[in-house]
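Have a look at the structure below before the remarks.
Bear in mind these aren't lab numbers, they're just calculated from the coordinates by the rules spelled out. Here the structure is a predicted model, which is why all the values come from computation and not from measurement. Cβ coordinates were reconstructed from backbone atoms using ideal geometry, including for glycine residues, and neighbour counts include every protein chain displayed.
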Amino acid sequence: MEASTAQDLGTFEKFFHLANDMLCVAGTDGYFKILNNRFVEKLGFTNDELLAIPFTDLVHPEDLKNTLSEIEKLSKGLDTVNFVNRFRCKNNEYLYFQWNSTSDKKTGELFAVARDITEDRRLQSLLSDSQSAAKIGGWELDIKTGETFWTPQIYEIYGVDKDKYIDVEIGISQYHVDDRSIIEQAVTLSINEKKPFDLKLRFIRANKEVIWVRSKGKPITNELGEVIKVKGIFQDINEEEENRRELQVKQQNLESLITHTPASVAMFDNEMRYMYHSKRWIKDYNLNEEDSIIGKTHYDVFPDIPKRWKNDHQRVLNGNVYLNPLDHWQREDGSDVYLNYELRPWYNHNNEIGGAIFFTQVITPYIEAQKNLEEKVLQLKQSNIDLEQFAFAASHDLQEPLRMIGNFTELLKIQYSDKLDATAKQYIDTTIQSSKKMSELIHSLLKYAKVNRTQSEIVAADIQLLINEQMNLLLEFIGTRNAEIIVHDMPKNVFCVKDQIGMVFYNLIHNGLKFNNSVKPKIEIAYNFNNDKHNFVVSDNGIGIDDDDVDDIFKAFYRLDKQKFEGSGIGLALCKNIIERHNGKITIDSNKQGTSFKFNFPNNLKK
């Protein structure tokens with residue numbers, strides 16, 4: 001018996017030291033009595049060191065109270081099951097130990113088995129932190145008992161204390177009233193018909209805050225196929241859902257903006273597939289409104305697009321911007337399309353190119369109208385040239401027969417004066433006078449036509465000398481009218497067609513004296529340089545011009561008072577024509593005290 005007992009003790013001791021778990025015998029006095037090798041390996045102390053110090057010295061301070069409470073229970077004959085505390089190693093690190101212990105009532109010794117669960121705890125902590133960061137928790141519903149189990153993260157989402165008991169009815173009651181029936185039906189179908197669910201719903205936290213959550217569940221069955229549990233996840237997705245909905249609103253606004261913008265706009269992805277387009281795009285490019293082009297490539301919709309455009313599109317998708325005020329596209333059917341456009345890349349939230357956006361304008365009607373206008377302008381120019389040539393030729397050719405009429409009428413008056421009665425002499429005088437008026441009119445018309453036909457040279461003119469020349473031509477008329485001519489400081493080097501500007505001053509001075517009832521007619525000529533223009537003013541103290549006549553005064557052959565004042569009505573029309581040919585402008589200010597003619601032309605006229 002003794003040999004057998006010794007052998008049994010040897011076998012036990014061998015098992016004791018080879019066990020993977022930590023085995024020990026301790027006393028209620030707080031000291032280890034026996035430790036196996038695994039204990040020594042885990043803590044890093046020697047066996048003697050562990051036996052020499054109270055094991056309570058190795059317990060983490062935060063776990064000491066609960067550990068002493070467990071020792072007290074053991075001393076009363078109660079077992080410890082799955083009790084967890086932390087033990088300090090020799091390197092001062094702590095390990096999590098899970099204990100199962102019992103006591104010997106006779107000896108008071110404690111027999112314990114410990115398992116190192118440090119790694120499990122770390123993984124559990126990591127999982128818990130990850131779930132908290134993701135705002136996601138797990139739940140389980142026992143169908144038979146109605147009990148629920150929640151991970152701590154669900155309590156955080158609910159916003160309630162972890163010690164508060166919440167059953168399935170209370171949990172469901174926290175959903176928004178408009179969504180509550182949805183979750184109720186989903187749980188019922190999961191239990192009765194074994195259907196899983198995955199829902200996005202509104203949820204009311206304990207602080208009355210309404211958030212979006214994701215509730216996902218699936219039924220768990222036993223070997224008989226009966227649903228015994230429903231388990232799943234519960235996640236706070238409020239930020240994600242609000243961002244998604246905000247993005248959805250922005251996309252809807254963008255689509256609405258593009259759709260209804262009164263221009264041809266289209267948005268493409270990186271494969272040049274249509275994402276959005278305006279209604280004007282469909283209209284301008286004669287597409288069928290009933291056939292959606294969304295999702296189709298630009299090249300499927302327009303297979304006759306030039307290759308150079310396709311190359312430009314790829315450059316835009318690489319970040320380039322293209323602007324073209326006028327481009328020509330000849331379609332396969334032979335029609336011509338003219339357009340201007342701006343092609344730009346657009347960028348997603350990662351600042352990556354997401355595609356291209358085209359802003360275009362079909363300007364074919366404008367180009368065709370411009371071509372028609374240019375043709376009309378050419379025709380008008382040719383017509384004006386023909387008319388000017390006719391006027392020049394007619395006025396020139398009329399001079400000779402009119403001169404003959406005048407001369408022979410004068411001869412008739414001289415040679416047959418003694419044979420003519422008073423009536424015949426009156427007829428002859430009227431004919432001579434009319435002939436002279438006709439000659440003056442033709443002469444004026446010849447000058448007007450000559451201005452338009454002649455390509456005169458632009459020279460630097462001394463305006464003071466130019467005015468003096470015109471005054472010399474009018475010297476007799478000025479003397480007859482006893483007129484005063486005041487000329488202020490004039491510029492010396494003004495680039496212009498000298499003879500034509502001379503005509504302007506001649507006509508304005510002549511008109512100022514002619515249409516003047518003053519005892520002492522007065523003409524004043526002033527000058528200033530402003531806005532890179534030569535500005536002249538020729539003022540008189542004449543009869544003035546009625547408001548009704550102002551708009552017509554520069555028309556050819558228009559005369560103010562045909563009975564009282566003689567003339568051809570060409571002078572002011574000639575002035576206007578000359579100033580406009582100098583890229584200038586002539587205007588009139590008039591009242592009963594006189595008239596001021598203002599004209600200007602730019603300084604940049606060159607030879």
FRET efficiency for ASN482 and SER417 from the Cβ-Cβ distance with R0 = 35 Å, rounded to 0.05, comes out at 0.45
Considering amide H positions built from the backbone, and no H for Pro or chain starts, which residues 5 or more places from ILE523, or on another chain, come under 5 Å of its amide H? GLU484, ILE485, ILE486
Between TRP329 and GLU156, what length comes free when the chain is fully extended (0.36 nm per residue of separation minus the Cα-Cα distance, one decimal in nm)? 55.9 nm
Among PHE302, ILE501, TYR341, whose Cα lies farthest out toward the positive end of the dipole of the chain, if unit charges sit on the beta carbon of Lys, Arg (+1) and Asp, Glu (-1)? ILE501
Near the amide H of ILE53, under 5 Å away, which other amide H atoms are found, from residues 5 or more places off or on another chain, if H is placed in the peptide plane? none
Going residue by residue through the stretch 365-380, the Karplus relation 6.51 cos²θ - 1.76 cosθ + 1.60 with θ = phi - 60° gives ³J(HN,Hα) values, rounded to whole Hz and with x marking Gly or Pro, of x, 5, 5, 5, 5, 5, 4, 4, 5, 4, 5, 5, 5, 4, 5, 5
Can you give me the distance in nm between label points at VAL550 and ASP429, each placed 7 Å from the Cα along the Cα-to-Cβ direction? 4.2
Using Cα-Cα distances under 8 Å and only pairs 6 or more residues apart, what relative contact order does the stretch 146-244 have, in percent? 21
Just tell me which lysines come within less than 25 Å, Cα to Cα, of LYS65; anything on the same chain fewer than 8 places away is out. LYS33, LYS42, LYS73, LYS76, LYS90, LYS105, LYS162, LYS164
Among 57-67, 368-378, what's the highest-first ranking by average C-beta atoms within 10 angstrom per residue? 57-67, 368-378
Whole angstrom only: what separates the Cα centroid of the stretch 242-317 from the Cα centroid of the stretch 140-208? 45
Toy charge model, Lys and Arg Cβ at +1, Asp and Glu Cβ at -1: the chain dipole around Cα centroid in debye, rounded to 20, equals 2440
Counting only residues 5 or more apart in sequence or on a different chain, those whose built amide H sits under 5 Å from that of ILE545 are ASN591
Return a whole-number percent for the relative contact order of the stretch 12-116, with Cα pairs under 8 Å and 6 or more residues apart as the contact set. 28
Using label points projected 7 Å from each Cα along Cα→Cβ, tell me how many nm separate GLU580 and GLU72, to one decimal. 11.7
Efficiency of FRET from Cβ geometry, TRP346 and LEU64, R₀ 60 Å, rounded to 0.05: 0.40
Gain in span if fully extended, LYS218 to ARG315, counting 0.36 nm per residue against the direct Cα distance: 29.8 nm
Just to be sure I follow the definition: excluding the sites themselves, where is the longest run in the chain that has none of the chymotrypsin sites (Phe, Trp or Tyr not before Pro) in a DSSP loop with at most 16 other Cβ atoms within 10 Å? 166-415
Step through the residues of the stretch 415-420 one at a time and calculate ³J(HN,Hα) from phi using the Karplus curve (6.51 cos²θ - 1.76 cosθ + 1.60, θ = phi - 60°), rounding each to whole Hz and writing x for Gly and Pro. 6, 10, 4, 6, 9, 9
Alpha-carbon Rg with Dmax, taken over the stretch 243-362, Å: 14.5, 50
Beta bridge orientation in the chain: antiparallel %, DSSP, nearest 5: 95
Residue by residue through the stretch 538-555, what is 3J(HN,Hα) from phi via Karplus (6.51 cos²θ - 1.76 cosθ + 1.60, θ = phi - 60°)? Round to whole Hz and write x for glycine and proline. 10, 10, 9, 10, x, 6, x, 10, 5, 4, 5, 9, 4, 5, 9, 4, 8, 7
Give me the percent relative contact order of the chain, please, defined on Cα pairs under 8 angstrom at least 6 residues apart. 6
Starting from the Cα of LYS492, draw a straight line to each of the aspartates and glutamates and keep only those under 18 Å, dropping any in the same chain fewer than 8 residues away. GLU457, ASP462, GLU469, ASP532
Computed lengthening from ASP79 to GLU368, 0.36 nm per intervening residue step minus Cα-Cα distance: 93.8 nm
